[in-house]
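The values are calculated or read from the model by the stated rules, or taken from the named source; none is laboratory data. A quick note: this is a predicted structure, and the numbers were derived from the prediction, not measured. Heads up, the Cβs are rebuilt from the backbone with ideal geometry, glycines too, and the neighbour counts pull from every protein chain shown. Keep in mind that these areas ignore ligands, DNA and RNA; they rest on the heavy atoms of the full protein, side chains included. Shrake-Rupley method; radii C 1.70, N 1.55, O 1.52, S 1.80 Å.
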Amino acid sequence: MAESSIGLDPVKLVILPRTRAGLTKAGLRQHLEKVHGPMVVAEPDVSGRFSGYVHHYVQDAPSSLALAPLQDRDAVTVIRLPSMTDLASSKANAAYRENIGPDEDNFREIIGSVALLADEVAIVPGADDAPLKLFVFRTATSKQCAGWDEKIGHLHVEFDLHGAAMNISRPIEGTFPYSQFDEIGLTATSDLSGLAASIVHQAHAHFGAVDTKMLLTEPVRFV
């Protein structure tokens, strides 16, 4: 089994904003990619300790896909930092209070937005830099996850993937019904429909009939 960071540094923060009322999916991406992301990177007091800062913009998935989509989410942000102290200090400064924090109101609703802390099991590196990434969210416990990373590792070879990770998460802001999620990097030749069907089949045997939802995204790395 791959080595887990559970209970240890570094920190992985996962944010799922609720898109601001009246803003389209395209409008959300425009603001996050062209305004907010560059603004965060330009503030060293906020992002200076980031070891990773990746936006994921939700893409339309084929309706025939075996995995059901997670509704009402247009983006996922993943931020990596060395420690919880660094996470706290990234928000406890004038740049965040005066610039970054207020700009968040330009693209997201506070009610419905979610921030998670994720304990990651890195299976194969590279998912953050893949052309596309598939998130698969489940209501699975950490005990149920034992051995799942090995099965994802087999899928990585079978379906020509671009990195993969398994995560156990808990919300620190907002509420979220899913406590485990996979991140699966896709290449231009990955068989998305076949992969989704295989995930559904293997996950049912491993986890049982747990609630499962997916997001197909395009990652854009800032850090």
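Quick notes on this one:
- Straight-line cross-link partners of LYS12 among the lysines, defined as a Cα under 22 Å from its Cα and at least 8 positions apart when in the same chain: LYS91, LYS133, LYS143, LYS213.
- Take the Cα of ASN93, step 7 Å toward its Cβ, do the same at SER64, and the gap between the two points is 5.0 nm.
- Sequentially through region 69-79, phi angles give Karplus couplings (6.51, -1.76, 1.60; θ = phi - 60°) of x, 7, 7, 6, 10, 10, 7, 9, 10, 10, 10 Hz, Gly and Pro residues having no value and appearing as x.
- Here the calculated FRET efficiency for ALA209 and ILE110, from their Cβ-Cβ distance with R0 = 35 Å, stands at 0.55, rounded to the nearest 0.05.
- Accessible area in square angstrom per residue, the chain, 1.4 angstrom probe: 46 Å²
- Across ALA209, ALA115, ALA66, mean-square fluctuation computed from a Gaussian network of the chain (C-alpha pairs under 10 Å connected) peaks at ALA209.
- Extension gain, HIS154 to THR24: 0.36 nm times the residue separation minus the Cα-Cα distance gives 43.0 nm.
- Spatially, region 47-113 and region 144-167 are offset by 24 Å when compared through their Cα centroids.
- Measuring nothing but protein heavy atoms, the accessible surface of the chain at 1.4 Å probe radius is 55 percent carbon and sulfur.
- In the chain, the longest principal axis of the Cα atoms and the axis of helix 192-207 are about 80 degrees apart.
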